[in-house]
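Note sheet for the following structure.
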Amino acid sequence: MPPILSAALLLAASNVFMTFAWYAHLKNLADRPWYVAALVSWGIAFFEYILQVPANRIGYTQLSLPQLKILQEVITLTIFVPFAVLYMHKPLKLDYLWAALCILAAVYFVFRTPTTS
């Protein structure tokens, strides 16, 4: 599997954990003290880091640091929107499209020149 694809898949999986660690407690642990939510979130975030660290190491073999960061932001938005709509039951907004277009512009600018690490 190409390194960029491996990195993207690992980043996508890690981002699922990250999104749940950051936001699911707002729905599932709203009645608990903040420190309980923090401990649960840290436990979930552990699995995010288990995937994210190797993903970044693999991705950095072929991508520059800015390219790797923009790739992560694209993945973040791709994971967050379905999470917000399907899990948190938030309405799908046109603002998500505008955010995606801004990220798309960032992708263009960061990837338009050859990689120089």
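Quick notes on this structure:
- Whole-angstrom gap from region 71-86 to region 1-57, using each part's C-alpha centre: 12
- Partner aspartates and glutamates for residue 90 [C-alpha distance under 20 Å; skip if fewer than 8 residues away on the same chain]: 31
- Charge dipole magnitude, Cβ of K and R +1, D and E -1 - region 3-111, Cα centre, debye nearest 20: 40
- Segments 102-109, 77-84 sorted - mean Cβ within 10 Å per residue, highest first: 77-84, 102-109
- Model label points for residue 47 and residue 88, set 7 angstrom from Cα along the Cα-to-Cβ axis, are 1.9 nm apart.
- Relative contact order, whole percent, for region 3-111 stands at 36, derived from Cα pairs under 8 Å and 6 or more residues apart.
- Degrees, to the nearest 10: 34-59 long Cα axis against longest axis of the chain: 20
- Three-way shape label, region 33-117, alpha-carbon gyration tensor, a/c 1.5: oblate
Each reported figure results from applying straightforward, stated rules to the coordinates on display, with no laboratory input. Computed from a predicted model, the values in this text were never measured in an experiment. Every residue, glycine as well, gets a Cβ built from its backbone with ideal geometry; the counts of neighbours run over all protein chains shown.
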